[in-house]
Amino acid sequence: MTTDPARGVYGISVAADPVGMGSQQLRWYETQGLLSPDRTEGGTGRYSEDDSVRLRRIDVLLDAGLNTAGISMVIDLQDEVDGLREELAKGNLDT
């Protein structure tokens, strides 16, 4: 059985630890729109494998000197390119 990498299953401290960030950093990234974890009915954030990948991308971009606004722009562009590549691979793009 495979798990869905977009499904939020980890609490904030579990998600923050492997990427070497604190819980407050994750909350800050969320307020800045860089991260959108799933929420339980009670409002608790649940982080996914995809969120962990995103956190690593954020960390790399921070190390490169970008601020949160720059990181947001770069990640949006990277996501757009990834989507276009998927469509191209499926043959769904008009050329």
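Where q = 0.18 Å⁻¹, what log10 of I(q)/I(0) comes from the Debye formula for the chain, counting one point per Cα?
Here the Debye-derived log intensity ratios amount to -0.88.
Solvent-accessible area of residue 44, probe 1.4 Å, all protein chains present, reported in Å² to the nearest ten, please.
Accessible area of residue 44: about 70 Å².
Test of understanding: in a Gaussian network model of the chain with alpha carbons linked when under 10 Å, which of 34, 84, 55 would top the mean-square fluctuation ranking?
84
Rounded, prolate or oblate: which fits the stretch 39-95, taking a ≥ b ≥ c as square roots of the Cα gyration tensor eigenvalues, rounded meaning a/c under 1.5, else prolate when a/b beats b/c?
oblate
Provide the per residue accessible area, probe 1.4 Å, for the chain, rounded to a whole number of square angstrom.
68 Å²
So how do 73, 21 rank on accessible area, 1.4 Å probe, biggest first, that is with the largest at the start?
Ranking 73, 21 by accessible area, largest first, yields 73, 21.
Choose one answer from 30, 80, 49: the residue with the largest mean-square fluctuation in a GNM of the chain with alpha-carbon springs under 10 Å.
Comparing 30, 80, 49 in a Gaussian network model of the chain, the most mobile one is 80.
Specify the angular offset, from 0 to 90 degrees and rounded to the nearest 10, of the alpha carbon long axis of helix 49-63 from the longest principal axis of the alpha carbons in the chain.
Once rounded, one gets 90 degrees.
How high is the relative contact order of the chain, given as a whole-number percent (alpha carbon pairs under 8 Å, six or more residues apart)?
27 percent
For every helix of n ≥ 4 consecutive DSSP H residues, a contribution of -39,500 (n - 2.57) applies; sum these over the chain, divide by its total residues, and give [θ] at 222 nm rounded to the nearest 500 deg cm²/dmol.
Result for the chain: -17500 deg cm²/dmol, rounded to the nearest 500.
Which one of 22, 61, 84 is farthest out on the positive end of the charge dipole of the chain, using unit charges on Cβ (Lys, Arg +1; Asp, Glu -1) and the Cα centre as origin?
Farthest along the dipole direction, towards plus: 22.
The values are calculated or read from the model by the stated rules, or taken from the named source; none is laboratory data. Just so we're clear, the structure is a prediction, and the values are computed from it rather than from any experiment. Glycine also receives a Cβ, built like all others from the backbone with ideal geometry; neighbour counts cover every protein chain displayed. Only protein heavy atoms, including side chains, enter the accessible area calculation; ligands, DNA and RNA are left aside. Shrake-Rupley method; radii C 1.70, N 1.55, O 1.52, S 1.80 Å.
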